[in-house]
């Protein structure tokens, strides 16, 4: 009976390996976000949203030097699954709104946007990319009043 249990465990492990459990087939994706003048965007989050899907995206924190590395996010029945990198496909790229908020002497708040707000909107962003065929660096516009 002990041999059958070991065979069963080996079979179960094989099934998990074949279905991709623990295997990351994503491509590593990283790059840099800069303004048109070449200076880096120093904070925020970049998101690659798979076209024609609401369930798949990859995102990364933008570091002080403008660099980022993506982590896949898959929304499913079991919540959000995360793996490093990104799958192949066509993506809309948007950048989470980066802004500063000040509290004024009268107690009111004033928000100053840093980037053009079209980049923060999945439906308006001009940024698109095909993984793995294009460069992953982006030049963006600063916020204009």
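The values are calculated or read from the model by the stated rules, or taken from the named source; none is laboratory data. Since this is a predicted model, take the numbers as computed values, not measurements. Positions of Cβ are generated from backbone atoms using ideal geometry, with glycine treated the same way; all protein chains shown enter the neighbour counts.
Here are some notes:
- Segments classed as strands (runs of 3 or more DSSP E), wholly inside the range 80-145, with at least 2 members that are under 17 Å from the mean Cα position of the chain (by Cα) and surrounded by 15 or more Cβ atoms within 10 Å (Cβ to Cβ): 89-95, 127-131, 138-140
- Of all residues in the range 86-145, those that are closer than 21 Å to residue 70 by Cα and in contact (Cβ under 8 Å) with a residue 24 or more places away in the chain total 31.
- Of 26, 52, all but one fail to be at pLDDT below 90 and surrounded by 10 or more Cβ atoms within 10 Å (Cβ to Cβ); the exception is 26.
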